[in-house]
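Below you'll find the structure, written out as structure tokens, and then a few comments.
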Amino acid sequence: MVYDYSLLEEKIKEKFYSKERFAEKLGMSRTSLYSKLTGRTQFKHTEITKAMKLLRLSESQISRYFFTIKV
């Protein structure tokens, strides 16, 4: 199953201006973040929780940003 992270990517650019800065704040390499955003690897629960805090998203928005299936 592949997830659509387009909304997440937009929010990252809005808040951090680049994926590189967001990856740094999240505590992972740029390569690891790209692997997750392209569906090669999955986000861990702890990474999702930290990302939600950094992006100031509510729990009710988790599915919208992290679990929308790519069509």
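The values are calculated or read from the model by the stated rules, or taken from the named source; none is laboratory data. Just so it is clear, the structure is predicted and the values come from calculations on it, not from any experiment. All Cβ positions, even for glycine, are placed from backbone atoms using ideal geometry, and neighbour counts span all protein chains on display. Just the protein is used for accessible areas: all its heavy atoms, side chains included, with ligands, DNA and RNA removed. Shrake-Rupley method; radii C 1.70, N 1.55, O 1.52, S 1.80 Å.
In summary, Met28 fulfils each of the numbered conditions (1) part of a helix (DSSP H, G or I); (2) surrounded by 10 or more Cβ atoms within 10 Å (Cβ to Cβ) with the single exception of condition (1). For beta carbons closer than 8 Å, sequence separation of 6+ or different chains, a first residue in segment 1-17 that is more than 19 Å from Ser63 (Cβ to Cβ) and at pLDDT 95 or above and a second that is assigned to a helix (DSSP H, G or I) and open to solvent by 60 Å² or more (accessible area, probe 1.4 Å), the qualifying pairs are Phe16/Lys25. Listed by first and then second residue, the pairs linking a residue in segment 49-71 that is farther than 9 Å from Tyr5 by Cα to a residue that is of a type in the set (S, T, N, Q) and not in a loop (DSSP other than H, G, I, E, B), with Cβ atoms under 8 Å apart and 6 or more places separating them unless they lie on different chains, are Met52/Gln61.
When the test is whether a residue is at pLDDT below 95 and at positive phi, Gly39 passes it. The sole residue among Arg64, Arg40 that is outside any helix (DSSP H, G or I) and open to solvent by 60 Å² or more (accessible area, probe 1.4 Å) is Arg40.
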